[in-house]
Amino acid sequence: MAWRVVQITSACKLSVKNRQLLYEPIEGEVVTLPLEDIAVVILESKHILMTSTLLAELAEYGVCLFSCDGTHTPNGVYTAFGNHSRHSAVANLQIEASEPLKKRLWQKIVKAKIRNQAEVLRRMGNRFCDKLEEIAKNIQSGDTTNGEAFAAGLYWDNLFDNFKRHDADVTNAALNYGYAIIRGSVARSLVGAGLLPCFGLHHANKLNAFNLADDIIEPFRAFVDWAVVKADLGEKDSLEKQDKQLLVSVLTRNCSYDDEETTILKAIEQTAYSLVNAFKDKEAKSLVLPKFSKAPLFE
């Protein structure tokens, strides 16, 4: 299983040799890494040369490649397409899924999201965690009462002081950075399982190539939120290198998945395959989603 998350922050040339990623910096030692070990590559430097052969090999090995903008925030993702041996069969199962099934799947996703949000507040010692648990219990098929939005308002009011989700501040920058990494990793795993990320369960924007990823990411967001809480950004104006490293490390931290401890990256992959099973079985219960493990995530 691929497990490495590689951040490239310095000027360099990237190529491939003998199925190894070859990193040749302008200054410093040459480094090689087996492509089969790599899950994610993040290109933060604006001075990186990359060979087309490497791009093809990254797709062959299912590596998720991120580009970054001038603020070093991920703004693009490159994933393999159609590399699953039964891609057409799985895609047809997805497309043929009934609306009632998709609504039940979305219900399960929203419940898992809110329960993970409740756990974040619980770890902070915030009393509103119980209120979120109550909201989660009452989520209906398709979330017709919009409990997700009500829970979100309560959650964000209690997560950070004087916080608005879309302000241009360092906290939002950290959240956006972490979410982008998780979103791309989800898209990678969906494609790897033979699914089409453009066709969502709930999200249905015709201009969005990652509607399904935007559905499946929801229960994983709380792990990023907790990382931002633990980062203790304080009065910083921008994210520092160690802040980004903490956010990227979310993928390699443990969570509880199907009553077992596993990394969040592995849980993302297993969630994608469990969604395929849900489509096959026509049962929402086949979808398995992550929870916080009892062990500390970052302490």
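Every read-out reported here was derived from the displayed coordinates using simple, explicitly stated rules and does not represent laboratory data. In this text, all values refer to a predicted model and were calculated from it rather than measured experimentally. Cβ coordinates were reconstructed from backbone atoms using ideal geometry, including for glycine residues, and neighbour counts include every protein chain displayed.
Per-residue ellipticity at 222 nm, computed for the chain from helices alone with -39500 (n - 2.57) per DSSP H run of at least four residues, works out to -14000 deg cm²/dmol.
Counting 0.36 nm for each residue step from residue 209 to residue 3 and taking away their Cα separation leaves a gain of 71.6 nm.
Cα extents for the stretch 169-220 along the principal axes, largest to smallest and rounded to whole angstrom: 35, 22, 18. Rounded to the nearest whole Å³, what is the per residue volume of the convex hull around the Cα atoms of the stretch 186-279? Hull volume over Cα atoms, normalised by residue count, gives 121 Å³.
Over all alpha-carbon pairs in the stretch 65-129, figure out the percentage whose distance exceeds 14 Å.
Working: 1593 of 2080 pairs.
Counting pairs separated by more than 14 Å, the tail of P(r) holds 77 percent.
Set the Cα radius of gyration of the stretch 4-78 against 2.2 N^0.38 Å, with N its number of residues, and you get 1.01.
Can you list which of the trypsin sites (Lys or Arg not before Pro) found in the stretch 133-175 are DSSP loop residues with at most 16 other C-beta atoms within 10 Å?
On the way: sites: 137, 164, 165; in loops: 164, 165.
Sites meeting the loop and neighbour criteria: 164, 165.
The separation of the stretch 25-63 from the stretch 96-121, counted between C-alpha centres, amounts to 35 Å. Averaged over residues, the count of other Cβ atoms within 10 Å places the peptides 9-20, 185-196 in the sequence 185-196, 9-20, highest first. Checking every one of the chymotrypsin sites (Phe, Trp or Tyr not before Pro) in the stretch 91-199 against DSSP loop status and a limit of 14 other Cβ atoms within 10 Å picks out 163.
When the convex hull of the C-alpha atoms of the chain is computed, what volume per residue in Å³ does it have? Provide the component values of the computation, followed by the final result.
Details: hull volume 41.7 nm³, N = 299.
In the chain, the Cα hull volume divided by residue count equals 140 Å³.
Scattering from the stretch 132-246 was approximated by placing one identical point on each alpha carbon and applying the Debye formula without solvent; log10 I(q)/I(0) at 0.12, 0.13, 0.15, 0.16 1/Å stands at -0.52, -0.61, -0.80, -0.90. Taking only the alpha-carbon positions of the stretch 56-172 and ignoring solvent, what does the Debye formula give for the base-10 log of I(q)/I(0) at q = 0.22 Å⁻¹? Cα-only, vacuum Debye calculation for the stretch 56-172: -1.06.
Write out the GluC sites (Glu not before Pro) in the stretch 38-96 meeting two conditions: DSSP loop, and at most 14 other Cβ atoms within 10 Å of their Cβ.
Working: sites: 44, 57, 60, 96; in loops: 44, 96.
Passing both the DSSP loop test and the Cβ count: 96.
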